């Protein structure tokens, strides 16, 4: 088997995640899908690092994880706050900026 | 290098604007005097220009200044004046002090006591700003530089029109406010559209020069030079496209039928001094630019477009006059009269004869002065009765003879009565046109009759007849107002009797333009000049 | 299985493992997207993540593999679960699409995007792999550490700062200020008994049009009772008194009917009666 | 000597400036200042005249260029003066009659608080008129031409509080303006044809220009003349112009300004000689107006309007004569001068009568005034005899000559013109007799004025009677003086040239015929008004009379065709400007607004649909990248 398949898998997962972001209304689920996309990217990075025979890819994946962690923390906090004030986690309800 | 006179002429009013704007709210009167002082200083500099300018000197431009500005695009800060420009700058610098004086009370805040509220400062600062931009537009010999100020002018004008209407009481304040903003927006949009099309043409010009000369340039002198010695050769279609781009913008500014409808709104809603600023100063940039840029950059295309433009200007002349007859509003009437006059100016420019173009340039000056006189007096009249409707007046002549007299003189100048300045220019335009296009000349002459019609109808309805109740007890012209009107009238008389100083300035410039277009005057079939010479 | 081997193919074992786990991963992903309940999505996503961890390991990223399990599956996914609990585990959101055409567009875009991506990967020349042989020779963790503290040290520091900021931000966002001291049970009871209102407060006026807590109820004499509105709303001055517009509506209705009636009478009379 | 010419124009101009700009403190002294300056210009004129007589025949012409006015390319207009016999004649007439009328006005306007302006305007008129006749090129003439138009506008509308006056003034200016268009086109034509428009070169070069050009120039010049001299079809303003104060009517609308057309044609003789068709047009206009004016004069009850009609017809005579070419020029000018005397006299007389009858103008309310204002009666009577061409008086000489010349034109044309002239003479006799009888004879038909004040006629003050007497002298003797061995012809010959037409009828026959028609006219008038008592209110009269009262419906035609049509045109244009021209723009703006409103729908506020577009964009980017790599 050619390791390229990892990339195909990554692409597939990324697409699924993206589709999820578009389809789901629940902010939390959307967030999960975003995580999925990030992970897909990580997989690709790792595979690339294997391909080129150096560790830079892994480093980037590592940083991605860190940033993802931070992002999740903030994002979830926001979701919680929104939920508190409007009793809903649906992104469609957050339309205050619409005229 | 010597003292940068041209830059100074533009810089002084700009400084004045800043200074005036900086005056604290309470010191309103100080701001007025400051503005007046700066405008007078500008007038002084303009006078110095007139003196330093040498009509006999060789070369198209004088007092030139040139510095690299945006080197990457070959944009230069390039100033220079020819006879036409120097005369028009003088006109601008001459009119602004009168405008300031006439608008002395137009921008006094009504009842507001707020210390932040300073409309007066703004009003005069904006006027000076406009003056600065107009002056530099007249001086710029770099197309890009010109374009920038040609457009930038709109901003202060927009605020002047939209922000300060005359307090005419015949309509509720709210309505006038909406009317004003409508007029201001209309003015801005019309001119912006024109300007944007011109921008395209400007860029196109740069592209052509860059393509053919290697290094692109906006410098009028360089381009004309390059054309002269064949380095630069426009393809016919390209030249025509560029010409149209430029001409459209100028036609909007001029304004030429059918792009004229912004003028009546703007002049109607703005205060009389601002209206004068529009028609007597700002619009002149349009016609001036036709002479300087359209004809000199694109002579072939100009010749190609001449028939259409002549027809358009003919329509403007008659159409403007007829609509002026039909107006109920004094200021709108004057606006339409101006449209008719701009028709004459464009006609003269594109008649492609020395008399036509000389006359057109002279016309710009005279029209500026005469319209200023008429419009300002009309403004004084309106400020007394608080109404712009002709029907609200009657018999003013009885109660305010001096006002009526000055109004009549202004009107007679507008109908270009011989002995007053506009006659000379109008007749030159007509002769110039007639000698190349007789039919056009004859049709244009009808405009004379119509002019008489609208002026006299206006005068009869407002000034003569039994005295209306509302008019009774109307005060005659005050000293300040006399100081504004009297010099203008004196000037009208003087230039009517002795226009030679101006024609001397203008002639060489016109000759130069004509040489660019490579058209000579048509010769008379019976040469009697030799007989004359023999005597 | 020799990871050091620079080759364009992998060992059969890895191949088998890939094909099995890949299916699991995709299934998990689909589950995360399609499950009705947030909890289920979270769990299936966790599954996918574990699979990914395995793949990392297989790709010679030992450190990342472990981190993936510890941080993602261990921390982040749990965080998700907490939030889900907070929002309500049982809350199942309908998958019925409310925005018109959204689903189709989404599907279309996703499909196109995926196809394009794969096509890109396919026609990129990614044949041969020179594995991590000497890169990992000194141990994977050491290698990473060396890079992080030399080449990527600034990025590392910045991410550190980022993490701290995130922590603070989370606190700020979720912190709730207490305006007054919480009343003890005793105090509540005394207030209840000795207070002004022994009976329950009047209920807000409830209309068929809108169930409005900010609409004061009407007392028998037709006046509104401030008490019937929540104290907070009262404090904010958000009490909406609709008795006025109710009357206005009535008047409008009467006028309309009047007009309608007059339309059938003679004009002159209707003009007289219109005003 | 030359500089005096400039002074001639400058003096009254100065007067105008001083009087108009000078404040109220001049009010009391204004009449005298004005009159003095007018008299001064007359003195200057006299001095120049003496100097001219001092020189003989050919070198009597004076010329001077003051400064170069408008030099643009080949277009060279100078402010230059030229004083030859023709101009001299006019200068004397203008300043002479002008001074007299200034004098007269002192009395006439004594009670008007705006005297200062009045005399200022009068001086302005003098200046412009003098400029008109001493200019040495057409453009400068044009200045004077419009100047007199302005003065006439100001003076007709002097009593501005009367709307009728203001309207009349406007009408006069506008109609004149139409004529001015003719003049300006003429100047343009000259410039394109000759490259100049100074009298000398143009008239010398005329023979070298093609007949077509000359005809064109001639016709437009005729148009100008029609406007200024109230000839058909531009005559309608003169009647209304009588709204102005009577001295104005006498000076401007009888003696001087209205004759400017004759001056123009005579001055441009060389051009007309080269264009027979244009000449035909001129004589036709003259003949038609001659009858037109006379007929209108018969029907008017307003004494001034009747005189105005007569003025029209007399100028018709002059134009006719001028149209005859060298045969006629001298006679045209001669009749112009004599007419200046007696018509001014008549108007002043009319003014004096009105003055005595508290401004009543309807002749039917006069009657039997001869005993009340003897001086007026005598002077008016002499003027009357002069105008109807009573043997021995001025009119007799000048008019007969014109009639002769008309016959001398030869051919059927000559007969027609001559016949017309004779007929005109008859009608003149008729309507002037009518005026005479209605005013001074018969029983008193006085009516109390608006204030219920019955008129008590009295002779006017000295300042008014003196000018009338002087003018009466002129109207008696001028003609005879001029015809003493053709003094006037010889005087003008260097300018106008001279030609003897061979007349089919002898001078004696013409005179006889004139006498006959004259008698017939007088007899008719006497039969109608002398014997039977005259009704105070005008009878309805037959169609012709009614038409004549309305200026032969000419005004109505103007009103319907021009005024109404114009109003409709402007109205519709205003509407069009608002709807179409403006509408297009506003329409564009509106459509853009609508479009953006529709686009706004896309911004539905759902984060996810934005996400879709983002994602789609990403997909597109990927595709683009791949494509780039593919190619």
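Where a number appears in this text, it was derived from the coordinates with a stated rule and is not lab data. Everything numeric in this text was worked out from a predicted model, so none of it was measured. Here Cβ is always computed from backbone atoms with ideal geometry, including for glycine, and neighbour counts include all displayed protein chains.
Taking the alpha-carbon centroid of each part, what is the distance from segment B:392-465 to segment B:224-287 in angstrom?
25
Using alpha carbons only, how many degrees (0 to 90, rounded to 10) separate the axis of helix B:173-213 from the longest principal axis of chain B?
That helix lies at roughly 10 degrees to the long axis.
With 10 angstrom as the radius, rank C:54, B:479, B:402, C:168 by how many other C-beta atoms surround their C-beta, starting from the fewest.
Values: C:54 18, B:479 7, B:402 15, C:168 11.
Going from least to most buried by this count: B:479, C:168, B:402, C:54.
Which of A:77, A:61, A:40 moves the most in a Gaussian network model of chain A with Cα springs under 10 Å?
A:77
Nearest 500 deg cm²/dmol is fine: what mean residue ellipticity at 222 nm does chain B get from its DSSP H runs of n ≥ 4 alone, each adding -39,500 (n - 2.57), divided by its residue count? Write down the numbers at each step before the final one.
Details: 22 runs with 375 residues, N = 535.
-23500 deg cm²/dmol, from helical runs alone.
Hey, in the GNM for chain A with a 10 angstrom Cα cutoff, which one of A:46, A:73, A:29 fluctuates hardest?
It is A:73.
Could the peptides D:69-75, B:83-89, D:142-148 be put in order, highest first, of the mean number of other beta-carbon atoms found within 10 Å of their residues?
B:83-89, D:142-148, D:69-75
Can you give the Rg to Rh ratio of segment C:26-65, both from alpha-carbon atoms, with Rh computed by the Kirkwood formula? It would help to have the intermediate numbers written out before the result.
Values: Rg = 11.7 Å, Rh = 10.4 Å.
For segment C:26-65, the value is 1.12.
Measuring from centroid to centroid over Cα atoms, what is the spacing of segment D:562-587 and segment D:221-250 in Å?
Segment D:562-587 and segment D:221-250 have Cα centres separated by 33 Å.
For segment D:446-545, what does the alpha-carbon gyration tensor say about shape, rounded, prolate or oblate, given a ≥ b ≥ c as the root eigenvalues, a/c under 1.5 as rounded, and a/b over b/c as prolate?
On the way: a/c = 3.12, a/b = 1.55, b/c = 2.02.
Because a/c hits 1.5 or more and a/b fails to exceed b/c, segment D:446-545 counts as oblate.
Per DSSP helix of 4 or more residues, -39500 (n - 2.57); summed, then divided by the residues of chain D. What does that give at 222 nm, rounded to the nearest 500?
Working: 26 runs with 444 residues, N = 631.
Roughly -23500 deg cm²/dmol at 222 nm, from the helical runs in chain D.
Which FRET efficiency value, to the nearest 0.05, is calculated for residue C:24 and residue C:181 with the Förster distance at 56 angstrom and r the Cβ-Cβ distance?
On the way: r = 54 Å, r/R0 = 0.96.
E between residue C:24 and residue C:181, to the nearest 0.05, is 0.55.
Between residue D:523 and residue D:484, what length in nm is gained on full extension when 0.36 nm per residue of separation is reduced by their alpha carbon distance?
Numbers: separation 39, 0.36 × 39 = 14.04 nm, distance 3.11 nm.
Going from the current span to full extension adds 10.9 nm.
Please list, by residue number, everything in segment D:449-487 whose backbone N is under 19 Å from a paramagnetic label point 7 Å out along Cα→Cβ of residue D:110.
Residues D:455-470 fall inside that zone.
Can you compute the FRET efficiency between residue C:62 and residue D:610 using 1/(1 + (r/R0)^6), with r the Cβ-Cβ distance and R0 = 51 Å? Round to the nearest 0.05. Mind dumping the intermediate values first?
Working: r = 40 Å, r/R0 = 0.79.
Between residue C:62 and residue D:610 the formula returns 0.80.
Looking at the calculated P(r) for chain B, what percent of the C-alpha pair distances fall above 32 Å?
Values: 57524 of 142845 pairs.
Counting pairs separated by more than 32 Å, the tail of P(r) holds 40 percent.
In degrees, nearest 10, range 0 to 90: what is the angle between the Cα axis of helix D:303-323 and the longest Cα principal axis of chain D?
90
Residue B:486 to residue B:71: extension gain in nm, 0.36 nm per residue of separation minus the Cα-Cα distance?
Working: separation 415, 0.36 × 415 = 149.40 nm, distance 4.88 nm.
Gain on extension, residue B:486 to residue B:71, equals 144.5 nm.
Rg to Rh for segment B:22-145: what is it, with Cα atoms only and Rh by Kirkwood? Write out the running numbers ahead of the final one.
Working: Rg = 17.9 Å, Rh = 16.3 Å.
Using Cα coordinates only, the ratio equals 1.10.
I need two numbers for segment B:435-535: Rg to one decimal and Dmax as a whole number, Cα atoms only, in Å.
22.3, 66
For segment B:113-264, build the convex hull from the C-alpha positions and give me its volume per residue in Å³. Show your work: numbers first, answer last.
Values: hull volume 19.2 nm³, N = 152.
Cα-based convex hull of segment B:113-264, divided per residue, equals 126 Å³.
Averaged over its residues, how many other protein chain Cβ atoms are within 10 Å of peptide C:172-184's Cβ atoms? Don't skip to the end; give the middle numbers.
Numbers: counts 3, 10, 7, 2, 2, 0, 0, 0, 0, 0, 0, 0, 0.
Average neighbour count from other chains, rounded to a whole number: 2.
When the Debye formula is applied to the Cα atoms of the protein assembly as shown, each taken as the same point scatterer, what base-10 log of I(q)/I(0) results at q = 0.06, 0.08 Å⁻¹?
For the requested q values the scattering log ratios are -0.76, -1.07.
Stokes-Einstein at 10 °C, 1.306 mPa s, Kirkwood radius from Cα pairs: D for segment B:176-231 in µm² s⁻¹? Don't skip to the answer; put the middle values down first.
Working: Rh = 13.6 Å.
Result for D is 117 µm²/s.
Consider all pairwise Cα distances in segment B:299-393 and report the whole-number % of them above 19 Å.
Considering segment B:299-393, 49 percent of its Cα-Cα pairs are separated by more than 19 Å.
Taking the Cβ-Cβ separation of residue D:477 and residue D:371 as r and a Förster radius of 30 Å, what is the calculated FRET efficiency to the nearest 0.05?
Working: r = 27 Å, r/R0 = 0.90.
That pair, residue D:477 with residue D:371, gives E of 0.65.
Please list, in order, the residues from segment C:90-119 whose amide nitrogen is less than 19 Å from a point placed 7 Å along the Cα→Cβ vector of residue D:602.
Only C:99-110 fall inside the zone, counting backbone N under 19 Å.
Could you check the simple spin-label distance between residue C:137 and residue D:358, using points 7 Å along Cα→Cβ, in nm with one decimal?
That separation, rounded to one decimal, is 13.7 nm.
Find the percent of Cα-Cα distances in segment D:298-341 that exceed 12 Å, and round it to a whole number. List each step's numbers first, then the result.
On the way: 568 of 946 pairs.
Tail of P(r) above 12 Å: 60 percent of Cα pairs.
Could you list B:211, D:502 in order of exposure, starting from the residue whose Cβ has the fewest other Cβ atoms within 10 Å? Mind showing how you got there, number by number?
Details: B:211 10, D:502 6.
Ordered from fewest to most neighbouring Cβ atoms within 10 Å, B:211, D:502 come out as D:502, B:211.
Within 10 Å of each Cβ in C:17-24, how many Cβ atoms from other chains are there, averaged over the peptide? Could you put the intermediate results ahead of the total?
Working: counts 1, 5, 2, 0, 1, 6, 1, 0.
Shielding by partners across C:17-24 averages 2.
Within 10 Å of each Cβ in D:195-202, how many Cβ atoms from other chains are there, averaged over the peptide?
Details: counts 11, 7, 2, 4, 0, 4, 10, 4.
Averaged over the peptide's residues, the number is 5.
Just how far, in whole angstrom, is segment D:509-535 from segment D:423-500 if you go by their alpha carbon centroids?
That distance is 18 Å.
How would you rank D:506, D:428, going from fewest to most other Cβ atoms within 10 Å of each one's own Cβ? Walk me through the numbers before you get to the answer.
Working: D:506 11, D:428 27.
Fewest-to-most ranking of D:506, D:428: D:506, D:428.
On a 0 to 90° scale, report how tilted helix D:2-21 is relative to the longest principal axis of chain D, with both axes built from alpha carbons and the result rounded to the nearest 10.
70
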